[in-house]
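Notes for the one structure printed next.
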Amino acid sequence: MSFGINDSILAISTPSGQSLRAIIRLSGKDVFNCLRSIFVPDATGEKISNEGFSSCHGILSLEKENVRIPVSVYIMKSPNSYTREDVVEIHTFGSPPLLEMLMKMLLSSGRENTNREDNNEVSRNIRIAEPGEFTKRAFLNGRISLAEAESVMHVIRSQTDSELLMSVSNLKGKLTELMHGIQGGLMDLCARVEASIDFYDQDIELVSSGEIKKELERVKEKLSLVSGGGQKPKIFHHGINTVLIGWPNAGKSSLFNKLLNRSKAIVTPVHGTTRDTLEADVLLDGINFRMKDTAGVTCSEGELESLIVRKTYSSMDDAQVVLFVIDGSVDVCDRQIALFDSITTKNKIIVINKTDLKQNVCHENLPLQMNAFPVVKTSVLTGDGLDTLKKTIISEILESNVDVSASEIVFTVRQEIVIGKAIEIIEEISDSLVGGMSHELVAIDLRRIVDAIGEVTGEVVTEDILDIVFSTFCIGK
């Protein structure tokens, strides 16, 4: 359902649940009138004002419930606000029932069909904001670019210092600045190509096919570089994909719980207790790991068993780090070795578990291909080796081809798809130039690349793009 951009909107901007303080945010042309009818400033009249911003303390009176609520009100007049509209923030106690009463009162106050103000009929319309609508209005009103709007959600969801630095960099306009630089070079090339069309009959070549191809290769290289193509993989908001793989009853789920420091996976002595993939985030030395506990791989037949094995292999294929868990009290069989060999990631750690039992497996009698990787002995029962395992996981990441540093740029999935589309168009033009493609068609395709990059920054935008961007936001942002 789509609502009018001219409506006034409100929402609770703080997380749901009980808290010491909460914020109700309002934005739109009617918010001051809505507040004026229910807010009573303190008798002291103390008010702090500064360049379009003001704040004061007072009471919101709920006449129906006979309740008077102390609040602090912050007023931001257009265009000096986040949305570039008139904005009011009401700071009060974080009681869910209290906030619900306040929301109902504000909505009823704003939904009066007509009011008499200075003998004029004034129509009001105030409603609950859609997810991300405050940030959407900030974009539509020119406060921020589309790339910066998407970075707001990244900042909110950051789980580590590194992720936060990447997101803040985008919020400051790094991505928009970079894309505008690439876009400017393409516009210049497009202008030269279009100018050469006018001189085609006079055998004057302002820009050759070779020059166009060379310039496009430079653009492609820049786009590939900033989007991560050809670089070592970056760590984004989902963390490092770390998967526990092994035979049934090797102790994967117990180890998973210990790494999480809580019981998420069900653990029993019965073989094959885990039947699905479980996921959870673990923070180790400031690095976020997305841990996945998988079902033990077996050779059992049946539709369910086949589905379980396929899901485990799918998790394994996407892994950046694999913890290959072995029951140290049982000999390693050929099928386990084959499973280990099928793991594609280079970041593998052998975990010889259950060292509290009599050991049949040690570092020395492991197959050669396993000995080439770090080996850690653990006992979930006693806790032995768990600290060593955590240090080994961190060491494996820091010494491998996974980059955990704070990048200046971080892309959303949508932005990566758009940039991928631009690179595909560049490749199409390069191939067509070899076949003698005319400059008229080259100019048309160059415009397509410029428009694709414009979808990242927001110069080219449709309702579908806005829906994709802001559908991931929570209400109140």
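Couple of notes before you dig in:
- Scanning segment 283-322 for residues that are open to solvent by 10 Å² or more (accessible area, probe 1.4 Å) and in a strand (DSSP E or B), we see that the one that is modelled with the highest pLDDT is LYS292.
- Matching residues in segment 120-157 - criterion: being at pLDDT 85 or above and either over 20 Å from ASN6 (Cβ atoms) or of a type in the set (Lys, Arg) (or both): ARG127, LYS136, ARG137, ARG143
- Test set (1) under 20 Å from GLY132 (Cβ atoms); (2) open to solvent by less than 40 Å² (accessible area, probe 1.4 Å); (3) of a type in the set (D, E, K, R) - ARG84 fails condition number: (2)
- Selection count, segment 323-373, where residues are closer than 22 Å to ILE240 by Cβ and either open to solvent by 20 Å² or more (accessible area, probe 1.4 Å) or at pLDDT below 85 (or both): 6
- One residue stands out in segment 65-76 among those that are over 31 Å from the mean Cα position of the chain (by Cα) and not aliphatic (A, V, I, L, M): the one that is most open to solvent (accessible area, probe 1.4 Å), namely ARG68.
- Those residues of segment 99-119 which are modelled with pLDDT of 85 or more and open to solvent by 80 Å² or more (accessible area, probe 1.4 Å), in sequence order: GLU100, LYS104
- Identity of the residue in segment 230-264, assigned to a loop (DSSP other than H, G, I, E, B) and in contact with a helix residue (DSSP H, G or I) (Cβ under 8 Å, 6 or more places away or on another chain), that ends up modelled with the highest pLDDT: TRP247
- In segment 354-382, the residues that are at positive phi form Cβ pairs under 6 Å with partners that are assigned to a loop (DSSP other than H, G, I, E, B), at six or more places apart or across chains, as follows: LYS354/GLY251; LYS354/GLY328; LYS354/SER329.
- Residue count, segment 87-98 (criterion: more than 25 Å from ILE5 (Cα to Cα) and either open to solvent by less than 30 Å² (accessible area, probe 1.4 Å) or at pLDDT below 90 (or both)): 6
The values are calculated or read from the model by the stated rules, or taken from the named source; none is laboratory data. No experiment lies behind these values; they were computed from the predicted model shown. Positions of Cβ are generated from backbone atoms using ideal geometry, with glycine treated the same way; all protein chains shown enter the neighbour counts. Surface accessibility is based on the protein's heavy atoms, side chains included, excluding ligands, DNA and RNA. Shrake-Rupley method; radii C 1.70, N 1.55, O 1.52, S 1.80 Å.
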